[in-house]
Structures are given as C-alpha cells and as structure tokens.
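Q: Have a look at this one before I ask anything.
The values are calculated or read from the model by the stated rules, or taken from the named source; none is laboratory data. Keep in mind the model is a prediction, meaning the values are calculated, not measured. FYI the Cβ positions are ideal-geometry reconstructions off the backbone, even for glycines, and counts take in every protein chain you see.
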Amino acid sequence: MNTEPPQGDDLQQMLVSMKQNVLARAELDRPAPKRRGRRAGIVIGIIAVLGIGVGSGAVALGMVPQPFTAAPAPSPTVTEPTQTPTKSSAPVVNEPTATPTPTPTRKPFALDDPSTWTISGNEFGPVAIGGETGAETDDLGVAYQHDRANDVCGPEFGSSWARDGQPTLIVWSANGRVIGVNAWVPPGVGERGVVGPTTSSGLGIGSTLDELREAYPDLVDDPVYTKDVEPLPAPDAYTAWKTETDTGWITFALGEDGVHVDNVVIGEISGISCD
C-alpha cells in the first residue's frame, strides 16, 4: 500500500476530481427553494476549503502535518521612571553675614599726638600710675619737652612738661615711681573748647559741668580740690568734681567761669608738699 501523499500532477488531478464530485452531488441534493440559501452557503464553504487546498497542497488536506508557531509575544515596554527632583532634606544653612566694623569715635592712639591720648583712673596717655618715673617720662618725651624751670620741688617730685597748644602736664613722683598726673591750662583757655587728652567719653579740659554730669551720673563734689575763693563769682565756681572708674578716680576742676574744666587730675596728689 502506497502511503506517500500525492504530489504534483497527481495532486492536481485528485483535487479536480474531488471538486467535480462535490458539484455533482450538490446538484443531486439540491434543496427546496426555501433551503437554497443554506445549501449554497455549504457549497461555497466547501469550494473555499478546496481553493485553499489548491494553494497549500497537502497542508489543506491534513496529509502533511506542519507545526503551528505562535506569534512571538510582544516584548514588554519598559518605561524608565521619570525622576522628579525633590527638595534636599539637608537643612538650609544661612551664610553668616559680615558684621560691620563700628566707626571709631576717637583717633587711633599716637604717642606723638596728645589729642589721641586717653585719660583713665590709672593712666594719662603713655604715663601709668605706679610706673618707674624715668621710664614713664621717657615715653612722655616723644610729644612733650621737659620744662625744668617749672619743676615743682625738683624733677624727682613734680616734673613739668610743656607743648605748644596743649595743656601743661605735671608728673608727680614718690620714691622714684609715679603717684599722680595733672593737666592744666591758663585761665580762659578751657572756655574755647576741648583741648588735649580726654576720657573714653571724650571729656577733658574744656568740657562743661553739664556734660560731665550727663556722662557720669555718679559725679560728686571733690572738696579737696575746691578752690577757696570768697565770694564765689558764680554758683559752683572754682570747684572740682570727681567720678570713680574701674581703675581709679578722675577729678575735673572748673575754671573761673565755674562751667568749663581747666584742670584734670588722676592719682593721689592731694596734700603734696615740698617739705
């Protein structure tokens, strides 16, 4: 028995014969008119199947098995997640702002310029209370000249120092060390304005009593330096006022008008005598 499927001309002849048989049988079994549509549909379907068979040969008849390969599954589309920028969780650090440097109200200290010197309870410019007299007056000599003719009881006791346009200074000493300093101007000079070294508040010779009281609420009368003049030409004339600082006392003596300072004293010089 030949089990090989027909091929070539044999296959075509077989298919033609099958078509003829189908058409003949369809003619014999033609249904009533009301069923014509159904039969026609069957015939058309058979012819369509046979037509497919002509094109595909043994595959349409099932003689030559062919594997069915499923269409490849679509590859999943991978969508990259959109990166949404998020705010940093790091704390916001404010850049420090530069602190403005305060404008100085006084000139920088200059040894050769007495107007830049500061008066405190224990220093008068470059001269410090308690310092060795020779060393302290050497510094003073940069701006002043030693006026030996006006020394008080000799240079070892009260040396006088002069400079044009500046108050006269007297450096008081005991046992070779400075115990006090005072600066003074002739009568009337202080009334023309502040001159010479001043305190950290900018007060000194030429300042008024009202200015002293405003700057130093603790200002008190200093009877030791009050001038003994009768009758007084004006209230509080020829009097002295003092304030206590963290480094000692500063005394301001008023001039003839009883308003303006003409003498500033630091240290302990009350009761000094050449005897």
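Q: Could you count how many residues in the range 124-162 are touching a helix residue (DSSP H, G or I) at 6+ places or on another chain (Cβ under 8 Å) and either outside any loop (DSSP other than H, G, I, E, B) or touching a residue at least 24 places away in the same chain (Cβ under 8 Å) (or both)?
A: The qualifying residues number 10.
Q: If I filter the range 205-217 down to residues being touching a residue at least 12 places away in the same chain (Cβ under 8 Å) and either of a type in the set (S, T, N, Q) or under 19 Å from Trp184 (Cα atoms) (or both), which single residue comes out as surrounded by the most Cβ atoms within 10 Å (Cβ to Cβ)?
A: Across the range 205-217, the extreme among qualifying residues is Ile205.
Q: Checking Glu244 against (1) loosely packed, with under 14 Cβ neighbours inside 10 Å; (2) at pLDDT 85 or above; (3) more than 18 Å from Arg213 (Cα to Cα): exactly one of these is not met. Which one?
A: Failing condition for Glu244: (3).
Q: Across the range 111-131, what is the number of residues that are of a type in the set (Gly, Ala, Ser) and closer than 16 Å to Gly204 by Cβ? Let's see the steps before the verdict.
A: Of the residues in the range 111-131, the ones of a type in the set (Gly, Ala, Ser) are 115, 120-121, 125, 128, 130-131.
When the remaining residues are screened for being closer than 16 Å to Gly204 by Cβ, the result is 115, 120-121, 125.
Summing the residues that are of a type in the set (Gly, Ala, Ser) and closer than 16 Å to Gly204 by Cβ in the range 111-131 gives 4.
Q: Could you count how many residues in the range 116-143 are under 11 Å from Val178 (Cα atoms) and of a type in the set (Ser, Thr, Tyr)?
A: Final tally of qualifying residues: 2.
Q: Tell me the residue from Glu191, Glu230 that is more than 19 Å from Asn122 (Cβ to Cβ) and either outside any loop (DSSP other than H, G, I, E, B) or at pLDDT 95 or above (or both), please.
A: Working: Glu230 fails: either outside any loop (DSSP other than H, G, I, E, B) or at pLDDT 95 or above (or both).
Sole residue among the options that is more than 19 Å from Asn122 (Cβ to Cβ) and either outside any loop (DSSP other than H, G, I, E, B) or at pLDDT 95 or above (or both): Glu191.
Q: In the set Gly121, Gly202, Gly165, which member is surrounded by fewer than 20 Cβ atoms within 10 Å (Cβ to Cβ), more than 43 Å from the chain's Cα centre (by Cα) and assigned to a loop (DSSP other than H, G, I, E, B)?
A: Gly165
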